[in-house]
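The values are calculated or read from the model by the stated rules, or taken from the named source; none is laboratory data. The shown structure was predicted, so the numbers you read here are calculated from the model rather than taken from an experiment. As a convention, Cβ positions derive from the backbone with ideal geometry for all residues, glycine included, and neighbour counts pool all protein chains shown. Only protein heavy atoms, including side chains, enter the accessible area calculation; ligands, DNA and RNA are left aside. Shrake-Rupley method; radii C 1.70, N 1.55, O 1.52, S 1.80 Å.
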Amino acid sequence: MPYLLALLLSLSLFSGATFADAPASCDNNTDCIEVGRWDLGIALGYGQKSNPLKDFEDIPLYVVPTIAYYGESWFFDNGNLGYTLAEGENYTVNLITTFSNDSAFFHRWDPSNIFLLNTGNSQAAIAPMASSLSRLTPDERTIGELENRNFTYLGGAEAFIYTRFGIVHASLAHDILDVHGGLESKLKWFYNIPLDKWNFEFAAVLDWKSEEVVDYYYGIRPSESLYWNQVYQAESALNKSLEFTGQYVLTENWNLLFVARYTDIGDAIAESPLLDKDYTTTYFVSAAYRF
Amino acid sequence: MAQNTLEELEPNFKLSPEICITSADAKACDIEVTLQWDSVTNKTICIISDYKDLKKWCGSSPDIHSLTVNISANRDIQFVMIDKDTHETIAGVKLKITPASPPQVRRRYRNPWSLF
């Protein structure tokens with residue numbers, strides 16, 4: 001897998017650099033947390049996550065919670081459960097569970113959409129394509145009512161390399177609930193710029209999904225359309241994202257929060273007849289309170 | 001006889017409590033401490049210290065065997081018991097001021113506001 005080779009090569013290139021130790025006090029830092037204490041917060045504002053699925057509505061964002069607890073080795077961070085196997089000044093290796101973000105496009109109450117309230121139309125994120133197509137003359141290209149695309153947990157390992165040029169995060173995780181039996185891998189570089197009361201984080205992400213993942217979420221089942229089931233053949237795909245997170249410290253507890261994300265959806269996914277866009281965007285502007 | 005001599009050489013001079021832990025917020029330690037000594041010395045006692053409000057205190061008779069002091073300090077305080085008449089140093093005790101341990105922190109691996 002050339003992508004994994006590139007991932008390993010990237011890690012080896014960055015492994016010689018240095019990174020400062022965690023500070024003694026976390027205050028408003030986002031890269032530091034007090035051991036043995038729940039970190040709770042809530043962000044109230046407005047934003048939107050675009051849905052690349054045809055006939056599915058975008059997902060409005062109003063309320064986003066943050067919940068985390070870090071022990072000596074175990075940690076829980078916004079739905080991710082992890083165990084730190086090894087940590088040094090320049091690196092961290094964790095065992096992790098995480099969840100797939102693909103099911104979020106199909107299910108309103110997917111964890112990726114949790115607390116993201118809808119505006120009026122409760123069917124916004126789950127409107128089946130059949131609802132708009134069933135009135136058309138039956139055609140072999142018509143896609144019927146979609147079967148379930150279920151949420152699943154992934155389990156695997158991740159590594160962080162801390163360098164003076166930013167932080168490299170690589171992960172590899174497999175479906176542990178046997179929903180699709182696929183594999184996902186991520187390579188992320190992010191860089192923090194603290195500037196007085198501001199903190200800016202820029203990130204670039206490569207998100208690889210195996211053929212099983214792509215087929216489960218974006219493939220067409222025979223019951224949905226025999227034609228598309230034959231025509232569209234899922235393959236592994238690589239999504240590419242750019243992210244920006246800006247925070248402005250108002251008080252000890254209140255921050256202003258600005259989040260933007262653009263994802264270029266991999267060709268193998270974008271070619272699915274379920275999609276009518278080859279990208280997805282997210283933005284969120286809010287006031288965030290940390291308890 | 002030998003035991004009495006030993007007791008006279010090492011009088012029992014006690015401080016209670018011996019340690020004060022400052023809170024994370026308050027930098028100073030506010031506490032009431034009691035100094036006690038036994039009667040075997042049969043001497044009138046003075047207490048001297050490096051605490052600003054108790055440079056020197058002297059008992060009025062050999063029958064006084066304790067002293068209670070309100071302390072507000074951010075560093076250790078040394079109390080020394082001396083003979084009021086001869087100024088001979090008899091014993092010493094120390095009040096330890098210990099700052100509360102800062103909370104243990106570790107790296108957080110996810111941005112708290114990373115949406116997904």
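Numbers below:
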read-out: Count of residues meeting criterion [under 22 Å from A:Trp254 (Cα atoms) and either assigned to a strand (DSSP E or B) or open to solvent by less than 20 Å² (accessible area, probe 1.4 Å) (or both)] in region A:71-87; value: 1
read-out: Candidate set from region A:46-61 (those that are in a strand (DSSP E or B) and under 18 Å from the mean Cα position of the chain (by Cα)); member that is farthest from the other protein chains (Cβ to nearest Cβ); value: A:Leu53
read-out: Close pairs (6 angstrom Cβ cut-off, 6 or more residues apart or separate chains): under 12 Å from A:Ser272 (Cβ atoms) in region A:210-233, assigned to a helix (DSSP H, G or I) and open to solvent by less than 10 Å² (accessible area, probe 1.4 Å) anywhere; value: A:Val214/A:Ile269; A:Tyr218/A:Ile269
read-out: B:Pro102 being surrounded by fewer than 18 Cβ atoms within 10 Å (Cβ to Cβ) and either in contact with a Gly (Cβ under 8 Å, 6 or more places away or on another chain) or within 12 Å of chain A (Cβ to nearest Cβ) (or both); value: yes
read-out: Residue pairs meeting the criteria (Cβ under 6 Å; at least 6 apart or on separate chains; first among the polar types (S, T, N, Q), in region B:11-23; second modelled with pLDDT of 90 or more); value: B:Ser16/B:Thr34
read-out: Any pair with Cβ under 6 angstrom, 6 or more apart, that starts in region A:252-272 at a residue that is closer than 28 Å to A:Pro65 by Cβ and ends at one that is of a type in the set (S, T, N, Q) and surrounded by fewer than 19 Cβ atoms within 10 Å (Cβ to Cβ); value: A:Tyr262/A:Thr281
read-out: Restricting region A:8-33 to residues that are closer than 18 Å to A:Asp77 by Cβ and among the hydrophobic types (A, V, I, L, M, F, W, C), the residue that is modelled with the lowest pLDDT; value: A:Ala22
read-out: B:Pro62 within 14 Å of chain A (Cβ to nearest Cβ), of a type outside the set (Val, Ile, Thr) and either assigned to a loop (DSSP other than H, G, I, E, B) or out of contact with any helix residue (DSSP H, G or I) (no Cβ under 6 Å at 6 or more places or on another chain) (or both); value: no
read-out: For A:Ile167: the one exception among (1) crowded, with 17+ Cβ neighbours inside 10 Å; (2) touching a helix residue (DSSP H, G or I) at 6+ places or on another chain (Cβ under 6 Å); (3) not in a helix (DSSP H, G or I); value: (2)
read-out: Residue identified as out of contact with any helix residue (DSSP H, G or I) (no Cβ under 9 Å at 6 or more places or on another chain), open to solvent by less than 20 Å² (accessible area, probe 1.4 Å) and among the β-branched types (Val, Ile, Thr) among B:Ile82, B:Ile90; value: B:Ile82
read-out: One residue from A:Gly36, A:Gly71, A:Gly41, A:Gly79 being modelled with pLDDT of 90 or more and on the phi > 0 side of the Ramachandran plot; value: A:Gly36
read-out: Unique residue being surrounded by 13 or more Cβ atoms within 10 Å (Cβ to Cβ), touching a residue at least 12 places away in the same chain (Cβ under 8 Å) and among the small types (Gly, Ala, Ser) when the list is B:Ser61, B:Ser66, B:Ser49; value: B:Ser49
read-out: Flag if A:Asp55 is free of Cβ contacts under 8 Å to residues at least 40 places away in the same chain and of a type in the set (D, E, K, R); value: no
read-out: Test: residue in region A:191-204 that is over 21 Å from A:Leu95 (Cβ atoms) and modelled with pLDDT of 95 or more; value: yes
read-out: Residue check for B:Arg75: open to solvent by 40 Å² or more (accessible area, probe 1.4 Å) and not β-branched (Val, Ile, Thr); value: yes
read-out: Filter result for the condition that a residue is farther than 24 Å from B:Arg107 by Cα and at pLDDT 90 or above, over A:Ile167, A:Ile176; value: A:Ile176
